[in-house]
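Undergrad: So that we are looking at the same thing, I have put the structure below in structure tokens.
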Amino acid sequence: MKTRIKVLGSGQDGGVPHAGCQCPVCELARANPALRRLAPSLAVYNEDAGFCYVIDASPHLEVQIEMIREAVPRAGRGGKIPVSGFLLTHAHIGHFTGLLLLGTEVLGEAGVPVHCTASMKEFLSLSRPFSLLVENGNIVLHELRPNEEVNLDGIGFTPIPVPHRGEITDTVGYAIAAGRLAVYIPDTDRWTAGAIEEISKADVALIDGSFYSKDELPRFADVPHPPIIEAIPMLEGLDTEIYFTHINHTNPAHGEGPERKNLEQRGFNIAHDGLELEI
């Protein structure tokens, strides 16, 4: 069996339905689980080789562990979860708070590898309650250097620096080199020339599609992400198979309306929870 990636969560940090929101999208998702999106996370696994690395530990990790177990039940390090290790992108709530489940109060795991940048490592080491995970040996932090590949079970993971609100830590995406090359950039403030070059080199890319346009959120300036309609002209013509992920509950491309049809007609896709792709 070849290495595969599985989308464990295709929603923005709050997922769909969004906490406290009573919009039609969220109400429908509460009534129909098929319309839900979990917080952002990606599994990279090979059942025959028995490994599964997870990019970002979301607040929905409990559910996502079961998704991993369905795909690759024998993976992991012999602990309570079928995860060989985590790689983190940054310290926004939807991307790392699931680590708390590894601690004494829930799983009581031991020695789970967590790969992250120097600023993320410092934050986790110094900030309670996350520092307790380090002190108690639930997790072991491994520093990653931007643009330098680390080999984990034969898979190359390269952190790709991207601009994103840096109140706590810096932010990276990942290039994932197996038989094919995948790029995962769930969060960025804008598409830089460097990021677009990384996407262009990939066979498949899962990238920030939080918003369809700037108009859908009154406080867009506080949480900037590159709108899909502005990203498409930059990315059209690439040979890369592109999926937008990190979908906010306000994004009309979440459903099956004209916005979704527009981007699909132009050769793009919307990721969904459970999507699997061979790399």
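The values are calculated or read from the model by the stated rules, or taken from the named source; none is laboratory data. Note that the structure is a prediction, hence the values are computed from the model and not measured. Quick reminder, even Gly has a Cβ in these numbers, built from the backbone with ideal geometry, and neighbours come from all protein chains shown.
Undergrad: Do you know which residues across the stretch 78-91 are at pLDDT 95 or above and farther than 18 Å from Leu144 by Cα?
TA: Val83, the sole residue that qualifies.
Undergrad: I'm trying to understand the selection: among the residues of the stretch 261-278, which are assigned to a helix (DSSP H, G or I) and of a type outside the set (S, T, N, Q)?
TA: Listed by number, the residues that qualify are Lys261, Leu263, Glu264.
Undergrad: A further question follows. Are there any strands (runs of 3 or more DSSP E) wholly within the stretch 1-106 with 1 or more residues that are farther than 21 Å from Gly137 by Cα and small (Gly, Ala, Ser), and if so which?
TA: Hits in the stretch 1-106: 4-9, 41-46.
Undergrad: If the Cβ limit is 7 Å and pairs must be 6+ apart or interchain, which residue in the stretch 197-209 that is surrounded by fewer than 16 Cβ atoms within 10 Å (Cβ to Cβ) pairs with which residue that is of a type in the set (A, V, I, L, M)?
TA: Close Cβ pairs (under 7 Å, with a partner that is of a type in the set (A, V, I, L, M)) amount to Ser200/Leu238; Lys201/Leu181.
Undergrad: Still on this structure: Is it fair to say Gly76 is buried (at least 19 other Cβ atoms within 10 Å of the Cβ) and on the phi > 0 side of the Ramachandran plot?
TA: It is true that Gly76 is buried (at least 19 other Cβ atoms within 10 Å of the Cβ) and on the phi > 0 side of the Ramachandran plot.
Undergrad: Okay, moving on. Ile55: of a type in the set (A, V, I, L, M) and either without any contact (Cβ under 8 Å) to a residue 24 or more places away in the chain or touching a Pro at 6+ places or on another chain (Cβ under 6 Å) (or both), yes or no?
TA: no
Undergrad: Right, Ala49: surrounded by 15 or more Cβ atoms within 10 Å (Cβ to Cβ) and either over 21 Å from Ala205 (Cα atoms) or at pLDDT 95 or above (or both) or not? Lay out the reasoning, then the answer.
TA: Details: surrounded by 15 or more Cβ atoms within 10 Å (Cβ to Cβ): yes; either over 21 Å from Ala205 (Cα atoms) or at pLDDT 95 or above (or both): yes.
So Ala49 passes the test.
Undergrad: Please go through (1) more than 28 Å from Asp203 (Cα to Cα); (2) without any contact (Cβ under 8 Å) to a residue 40 or more places away in the chain; (3) surrounded by fewer than 20 Cβ atoms within 10 Å (Cβ to Cβ) for Cys21 and return the number of the only condition it doesn't satisfy.
TA: Tallying (1) more than 28 Å from Asp203 (Cα to Cα); (2) without any contact (Cβ under 8 Å) to a residue 40 or more places away in the chain; (3) surrounded by fewer than 20 Cβ atoms within 10 Å (Cβ to Cβ), Cys21 fails exactly one: (2).
Undergrad: A further question on this structure: Hey, can you tell me all the residues within the stretch 203-222 that are farther than 16 Å from Asn262 by Cβ and within 17 Å of the chain's Cα centre (by Cα)?
TA: If the condition is that a residue be farther than 16 Å from Asn262 by Cβ and within 17 Å of the chain's Cα centre (by Cα), then Val204, Ala205, Leu206, Ile207, Asp208, Ser210 are the ones that fit.
Undergrad: Right, next: I need a count of the residues in the stretch 148-196 that are of a type in the set (A, V, I, L, M, F, W, C) and in a strand (DSSP E or B).
TA: Residues in the stretch 148-196 being of a type in the set (A, V, I, L, M, F, W, C) and in a strand (DSSP E or B): 13 in total.
Undergrad: Another question about this same structure. For the stretch 61-107, which positions are charged (D, E, K, R) and either in contact with a Ser or Thr (Cβ under 8 Å, 6 or more places away or on another chain) or under 29 Å from Gly166 (Cβ atoms) (or both)?
TA: Listed by number, the residues that qualify are Glu62, Arg77.
Undergrad: Need the failing condition index for Ser213 against (1) at pLDDT 95 or above; (2) in contact with a helix residue (DSSP H, G or I) (Cβ under 6 Å, 6 or more places away or on another chain), just the number.
TA: All conditions pass for Ser213, except number (1).
Undergrad: Determine if the stretch 230-242 includes at least one residue that is part of a loop (DSSP other than H, G, I, E, B), farther than 17 Å from Arg266 by Cα and in contact with a Lys or Arg (Cβ under 7 Å, 6 or more places away or on another chain).
TA: no
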